[in-house]
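Down below is the structure, laid out as structure tokens.
All of the numbers you see were taken from the coordinates with simple rules; none came from a lab. The structure presented is a predicted model; accordingly, all values stated were derived computationally and were not measured. As a convention, Cβ positions derive from the backbone with ideal geometry for all residues, glycine included, and neighbour counts pool all protein chains shown.
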Amino acid sequence: MVVAAIFAVQMLNPILGGNSAHFVRGAAGIMLGPLRWTSRNDCCTHYQCLIFGNGGINCLGANVWNMAIVDVFGYFVYRAISGSNRSVAAFAAGVVTYVASTRPDIMGVKKA
């Protein structure tokens, strides 16, 4: 049920500074945990690609990376600092997932 709600909310994606961002990516990774979130988001990403044409088959690998794998980094950030303040930890996890998926140059990936 959580995955269905996340899938519905993910269909709403604002454009922030030329980058598409989803509302619940970091929160979903925190709620479900890394393994469950990665597998379920992978299924959602394939469904969006094949049924709705979001991103298309050419971008499927990049979308899986950005929306499933990178969110696990946010989960570990949340777990590392959630002892002091859970709200701040959740916000920090969201910022980390947004920056990691939209700014690969910050993460050490160089342009070809």
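Going by neighbour counts of Cβ atoms within 10 Å, the residues ASP42, ASP71 line up, fewest first, as ASP42, ASP71.
Listed from fewest to most Cβ neighbours within 10 Å, the set MET31, MET1 follows the order MET1, MET31. As a proxy for reagent exposure, THR97, THR45 were ordered by neighbouring Cβ count within 10 angstrom, fewest first; the result is THR45, THR97.
Site pair ASN58 and LEU35 shows an inter-label distance of 3.7 nm when each label is modelled 7 Å from Cα along Cα→Cβ.
When peptides 50-63, 75-88 are sorted by average Cβ neighbour count within 10 Å, with the highest value leading, the order is 75-88, 50-63.
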